[in-house]
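In what follows, a single structure is set out as structure tokens and then discussed.
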């Protein structure tokens with residue numbers, strides 16, 4: 001068997017990318033870091049990673065059960081459920097907002113979550129691609145760089161948080177021309193239809209004020225390539241509009257203007 005480390009979630013630590021204003025989070029909820037979240041993560045979608053391709057049918061029959069045990073061995077996460085999907089094994093994890101983001105002096109910055117170590121047998125080698133079989137997730141650990149270009153996490157019921165996370169992945173140096181889209185907040189929820197994700201909406205209200213700069217900094221990258229049409233629509237309509245407001249308004253008038261723009265006032269989330 002061979003092994004290859006790859007990320008379940010790759011999140012950039014650069015303050016000028018994928019960070020959110022500390023003032024906004026603390027204004028609406030000083031205890032934001034302890035807010036519970038149920039997230040869905042896909043460690044190995046079927047796109048080539050370091051020459052290895054994990055096709056949808058390459059996984060061992062016990063991959064879900066063994067990976068759940070691995071996740072549950074972590075101190076700061078609980079694996080509630082798992083599913084085989086068109087994006088490979090998907091895992092429903094209960095965590096906190098403070099695990100997804102860390103706080104510096106001015107911003108909450110997207111953090112790394114896990115890297116999965118995957119063992120596999122070689123089914124076939126064609127050119128520079130090795131097709132894996134009997135793949136299994138052996139371990140997970142914290143990591144700060146992406147090993148798999150398709151790995152990502154989504155927050156069902158929370159489109160703004162999902163945008164913040166997934167634009168971070170799109171700008172972490174991975175190749176964006178994957179021939180696949182990341183699972184958005186709608187698709188990820190559909191993988192676990194019996195689960196209630198409504199409480200994620202409470203956390204998402206804190207991120208309703210995202211601007212384009214919060215998500216991409218000054219990058220000119222074609223960040224949209226892996227986002228779903230639903231999320232691209234929010235970026236183009238909401239985040240761009242928010243950006244225009246933020247450029248000319250101080251914080252408190254900005255928050256009020258976004259509330260008025262969307263005809264929603266969340267108050268204290």
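Since every read-out is calculated from the coordinates, none of them should be taken as a lab result. Predicted model only: the values in this text are computed from it and were never measured.
Any chance you could check the Cα centroid distance between segment 81-109 and segment 48-78 for me, in angstrom?
15 Å
Taking 0.36 nm per intervening residue step and subtracting the Cα-Cα distance, what contour gain separates residue 84 from residue 240 on full extension? Each step should come with its number before you reach the end.
On the way: separation 156, 0.36 × 156 = 56.16 nm, distance 3.55 nm.
Here the answer is 52.6 nm.
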